[in-house]
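Q: Quick one: this structure, given as structure tokens, is what I'll be asking you about.
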């Protein structure tokens with residue numbers, strides 16, 4: 001009966017990656033190396049801007065809602081009396 005260790009030693013490798021796939025990967029890597037770093041900074045800022053601006057924009061929206069919904073007539077403010 002084969003042991004677990006012998007199964008690992010005699011295991012067949014998975015499907016090999018074709019040379020065409022490696023050529024595509026190498027071509028993309030060569031392209032990405034030539035892209036200027038300024039473009040990556042712009043992409044990073046564009047992706048992170050909504051995260052950084054979420055808090056301030058939410059605060060502006062809440063204050064705007066409060067200003068729009070607040071009661072300006074003192075007679076309407078006294079509901080219980």
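Q: Give me the number: length gained by fully extending residue 69 to residue 18, i.e. 0.36 nm times residue separation minus the C-alpha to C-alpha distance, one decimal in nm.
A: Details: separation 51, 0.36 × 51 = 18.36 nm, distance 6.46 nm.
Extra length from residue 69 to residue 18 when fully extended: 11.9 nm.
Q: Between residue 32 and residue 54, 0.36 nm times their residue separation minus their Cα-Cα distance comes to what? Please list the in-between numbers first.
A: Values: separation 22, 0.36 × 22 = 7.92 nm, distance 3.05 nm.
Full extension of this stretch gives 4.9 nm more.
Q: Going by how many other Cβ atoms sit within 10 Å of their own, how do 33, 42 line up, fewest first?
A: Numbers: 33 7, 42 11.
Arranged by neighbour count, lowest to highest, 33, 42 become 33, 42.
Bear in mind these aren't lab numbers, they're just calculated from the coordinates by the rules spelled out. For clarity, every value in this text was computed on a predicted model and none was experimentally measured. We place every Cβ from the backbone using ideal geometry, glycine too, and count neighbours over all the protein chains shown.
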